[in-house]
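One structure is given below, encoded as structure tokens.
The values are calculated or read from the model by the stated rules, or taken from the named source; none is laboratory data. Note that this is a predicted model, so its numbers are computed, not measured. Cβ sites come from the backbone with ideal geometry, for glycine too, and all protein chains shown count toward neighbours.
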Amino acid sequence: MPIMKYIYYRLNMSSKLMYNYLYTKYKTMDKRTFLKNAGLAGIGCMLGFDGIAELVRGKATMPLAEVAGDEDFWASIRKGYKLRPDFINLENGYYNFLPEQILDKYIGHVREINFQGSYYMRTVQFENKKSMAARLAEVAGCSPDELIITRNTTESLDMIIGGFDWKPGDEAVMAEQDYPAMLDMFRQVSKRYGVVNKIVSVPNHPRSDEEIVDLYASAITDKTKLLMVCHMINITGQILPVRKICDMAHARGVQVMADGAHSFAHFKFTIPELDCDYFGSSLHKWLSVPLGAGILYVKKEKIGSIWPLIAEGERKPDDISRLNHIGTHPVHTDLTIADAIDFYNIIGAERKEARLRFLQNYWTSKVRDLPNINLNTPADPTRSCGIGNVGINGMKPSELGDILYKKYKIYTAPIDGAGVHGCRITPNIYTTTADLDVLVKALTELN
């Protein structure tokens, strides 16, 4: 087989498009020059699922700490990500976009659903969605009959807030650092049902777990029905002691809803370990599922007490599918969940967590002691993982974010509120220490 035809045959779908573009542009060149340009574009360098699995097997006996800092290993993983060349993306927290290996699978699912049309939608759609939910339950460590696929964390948690059996005078506890969409929903039920919202403020640098637990406990009264807590605060990356908070709240007859938007598939845990009553997350963040998928976990005994967001037909009270009627939706996204889980499992939950924690510590350790730098993320490694937040004295977060982008070509998320003033830094497993060196250089010069 001619070399050019062989290379084309081995490429993934996205790379074929790039190949065709380059071939049109460089068709007058000799083969050696064309192949050099194609190589610079990343064509032919990406490992498939089997290739990544083989690469990981070669690191099976290496301690996690060593794998976390093995730049050659992660450089091989990076080849699967199509990255914009005009800036360094350190804002993966909003949308952790797909590596090409998953993207190609997703495009294949789109084509297949388009090919089957209504036949698919009327036959195996729901069976496949149920099997995807079961795979997610396996990752979450919970029973499949306690978890459904939603569209995002907001839908999941707002379904609980809005579907709770509120009575006038009931109280709910939350923090000002919680996600705005959920706080908005609590304000709505306050207006609609007369619920009293008790809002605490979580310190950026707590002295102990007990300080956090006591903070939430201080807001509970005999009228408190529901407590919302972030597993990982989205604006700082602080990991909260959810299990201890749940134990405290349950002892006082209060149910707990955990916002796991940034914890699921970020660091390793199981939902039952938390012992929360409700848990929601978005799969387009750290699991790298296409936009439009999330999860909602509800303890079996709590399912019957929640009103669905959209009315469903007759179901048994403890059948979680009664909460899952969302009408016609992009089912090809559901199918891609399996591919994203395969990718996640091949990399390994422990390896991913170790890499993300390594990256955060890499840059924060270099700037934490600078005089005008404010790190809003705890230094204690048990209280954070991949997400960090940094500010500079006398500089508004919006200004810092603007300078980082325009002068240093670094894209971040400025945060200015709820006791947090700085830019959120969220790397991904493709991020390199060289990328973070640019951030360190920028903060050092701006300091």
Log entry, pairs with first residue in the range 143-159 being more than 20 Å from Leu226 (Cα to Cα), second being basic (Lys, Arg), beta carbons closer than 8 Å, six or more apart or on different chains, reads Ser143/Lys300; Pro144/Lys130; Asp145/Lys300; Ile149/Lys129
Taking the range 182-222 and keeping residues part of a helix (DSSP H, G or I) and surrounded by 17 or more Cβ atoms within 10 Å (Cβ to Cβ) leaves Met182, Leu183, Met185, Phe186, Val189, Ile212, Val213, Leu215, Tyr216, Ala217
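Do we have any residue at all in the range 215-225 that's at pLDDT 95 or above and touching a Cys at 6+ places or on another chain (Cβ under 9 Å)?
Filtering the range 215-225 down to residues at pLDDT 95 or above leaves 215-225.
Going one step further and asking which of them are touching a Cys at 6+ places or on another chain (Cβ under 9 Å), we end up with none.
There is no residue in the range 215-225 that is at pLDDT 95 or above and touching a Cys at 6+ places or on another chain (Cβ under 9 Å).
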| request: Determine, yes or no, whether Ala354 is farther than 16 Å from Pro427 by Cβ and touching a helix residue (DSSP H, G or I) at 6+ places or on another chain (Cβ under 9 Å). | output: no
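Report, by residue number, each residue of the range 57-97 that is within 30 Å of Asn152 (Cβ to Cβ) and among the hydrophobic types (A, V, I, L, M, F, W, C).
First, pick out the residues of the range 57-97 that are within 30 Å of Asn152 (Cβ to Cβ): 68, 74, 77-97.
Scanning the range 57-97 gives Ala68, Trp74, Ile77, Leu83, Phe87, Ile88, Leu90, Phe97.
Quickly run through the range 309-335 and pick out the residues that are of a type outside the set (D, E, K, R) and touching a His at 6+ places or on another chain (Cβ under 6 Å). Step through it out loud before you land on a result.
Just the residues of the range 309-335 that are of a type outside the set (D, E, K, R), to begin with: 309-311, 313, 317, 320-321, 323-333, 335.
Correct list: Ile310, His332, Leu335.
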Restricted to the range 382-426 and to residues being assigned to a helix (DSSP H, G or I) and of a type in the set (A, V, I, L, M, F, W, C), the residue farthest from Gly260 (Cα to Cα) is Ile403
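Every residue in the range 187-202 that is within 19 Å of Ala418 (Cβ to Cβ) and touching a helix residue (DSSP H, G or I) at 6+ places or on another chain (Cβ under 7 Å), please.
Start the filter on the range 187-202 by keeping residues that are within 19 Å of Ala418 (Cβ to Cβ), which leaves 187, 190, 197-202.
Across the range 187-202, the qualifying residues are Asn197, Val200, Val202.
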**Asked** If you check Asp380 against the conditions, is it surrounded by 16 or more Cβ atoms within 10 Å (Cβ to Cβ) and acidic (Asp, Glu)?
**Response** no
Checked pairs for the range 228-239, first on the phi > 0 side of the Ramachandran plot, second assigned to a strand (DSSP E or B), C-beta under 7 Å and 6 or more apart or across chains, list as Gly237/Gly388; Gly237/Asn389
Within the range 157-181, of all residues that are out of contact with any Asp or Glu (no Cβ under 9 Å at 6 or more places or on another chain) and among the small types (Gly, Ala, Ser), the one surrounded by the most Cβ atoms within 10 Å (Cβ to Cβ) is Ala172
